[in-house]
1. Please report Rg over Rh for the range 401-534, where both radii come from the alpha carbon positions and Rh follows the Kirkwood definition.
2. So what's Rg/Rh here for the chain, counting alpha carbon atoms and using the Kirkwood radius for Rh?
3. Checking the a/c ratio against 1.5 first, then a/b against b/c, what shape does the Cα gyration tensor give for the range 279-368?
4. Just to compare against my own numbers: the Cα pair-distance distribution for the range 72-114, 10 Å bins, whole % per bin, please.
5. Report the dimensions of the range 95-231 along its three principal axes from the alpha-carbon atoms, largest first, rounded to Å.
6. Could you please report the charge total around Val521, scoring K, R as +1 and D, E as -1 over all other residues with beta-carbon less than 13 angstrom from its beta-carbon?
7. In which sequence would Leu323, Leu99 go, from the one with the fewest C-beta neighbours within 10 Å to the one with the most?
8. Nearest 5 percent is fine: what portion of the DSSP beta bridges confined to the chain is antiparallel?
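Only the coordinates and a few stated rules stand behind these numbers; no lab work does. Computed from a prediction, not measured in an experiment: that's the story for all the values here. Note: ideal-geometry Cβ built from the backbone for every residue, glycine included; neighbour counts use all protein chains shown.
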Amino acid sequence: MIHLSKYIVVTGGVVSSIGKGITAASIGRILRSYGIDVTAIKIDPYLNWDSGTLNPYQHGEVFVTEDGMETDLDLGHYERFLDVDLSGECNITTGKVYLSVITKERTGDYLGSCVQIIPHITDEIKAMIREIARKSQAEVVLVEVGGTVGDIESQPFLEALRQLRNEEGHDNVMFVHVTYVPYLKAAGEFKTKPTQHSTKELRSTGITPDMIVCRSELPIDTPLKNKIAHFCDVERNAVINAPDVPSIYEVPLVLDRENVGEYVLKRLKLGVKKPDLDEWRMVVHSLKKDDPKVTVGIIGKYVELEDSYTSIREALKHAAANLGVKVNIEWISAEDFIKSNKIGNFNALLIPGGFGDRGITGKLGAVKYSIENKIPLLGICLGMQCMVIEFARMHGFKDANSTEFDKNTKNPVIDMMEEQKKIKKMGGTMRLGTYPCKLKEETIAYEAYRKNTVNERHRHRYELNNEYREILQEKGLTISGASPDDFLVEMIELNDHPWFLGCQFHPEFKSRPNNAHPLFVSFVNAAIKNKNRK
Ligand code: GLN
């Protein structure tokens, strides 16, 4: 049987960073509450093939999927809101589209034709979108177009999506335009003109929005919504207001109050079903808990832009909600950690992943501080590598290092994986995606997961050097997780420490609001215990 998906295309207008991804993910959550199968696609109109080579300062965290694609952080929001695992194909970039078309041209697939944006690029975009629909068998495919309407880069995508509506039919494709309605203090009123202009811009591409989601700082009233409906030519009940809320997880509830689900169901002729957002409501309720608080210090390199660590921040929130506490996160620049006078205020420390040697001294200082003061420490990827380096330094290997930071170190306790040494290309060449990890019983890891084998997502080139495995264990390091063939060390702990755990993988990518990650739960629990100890 041919599978027929419906598509909801989400575009953005007025300004960027208004939460288009969260809005799209929230619409998806609402549809899931009706029992509808939803998948999501994020279109990034940049030329990079994937997000792997992007600086986190520019685009925030690189999210890694199960199948090992380095993607935009919005895919993380989709996984958390929809509670599904997405494949890397769900992140479509201009780079992927063009590379595929040019490869086909070189192979001779278009022999005789002049290869052009229309139809070749637009056909490729539609084919990629339909392929995801086919593989996922989802009833509804959310397609978020990155950037703001009017950007040169997004034009081929908008054109392809306009064609998609014609080809799939009006009942099977709808457009949601997310805009911003600013409040002008001096005038004492909200302004709808930017929304009108950006809708006009969208219409100039041949796309008429079916629904407009107005983001605003404060709630807007019905007359203003009616004005937008009138000027932008959408139905009155399709002008939705999404004012700022304290937590992103509340957005589905806000949109639900605006009857977004009902409208979408009617518009896409999805048939009447009964929604059930109760589980989500409970999650939001537990995430709202404000007391008691625990404070976790995150010692990272990109702390000026919190989005660089989106999944870690969210995973900590999920774990705290699971334990009935609130987690306060303090972001500390690795370079400043030693100087920081707040050290004593942290109930636990976390060293996230990273690349390059900037800030390493501060991270090693944090490891030493954790060991000496018995402060719980979770080290993720580079964080685990720092734990191993500092532990080795404190146990006789004064010059222990990773060859990432010092190629000629005499004691390379962290070294590049053998298969990585031959690789010259940078993009998509790390050890990426999900791998199994065997756990050792009677360890913090085992206590947390209560499983013999777990699957976690990776993104790294370096690992613990097996030549040092034995001696480090003799000095008190526990290897609590390893690859099933026992060749790669995946998790380490310290015997005489309340909670000191490093993992070579990134557990944060798999945490969900309704299913907090066991390692984060164990970690936040250790922070609570440490707080109560004081
Ligand atoms: N730079 C380290 C490596 O490549 C750690 C990577 C990471 O933290 N994601 O192994």
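1. Rg/Rh: 0.99.
2. On the way: Rg = 24.7 Å, Rh = 24.7 Å.
For the chain, the value is 1.00.
3. Working: a/c = 3.04, a/b = 1.85, b/c = 1.64.
Since a/c reaches 1.5 and a/b is larger than b/c, the shape of the range 279-368 is classed as prolate.
4. Here the calculated profile for the range 72-114 is 25, 32, 22, 17, 4.
5. Its Cα atoms span 62, 31, 22 Å along the three principal axes.
6. +3
7. The most exposed by this proxy come first: Leu99, Leu323.
8. Details: 26 of 77 bridges.
So the antiparallel bridges in the chain amount to around 35 percent.
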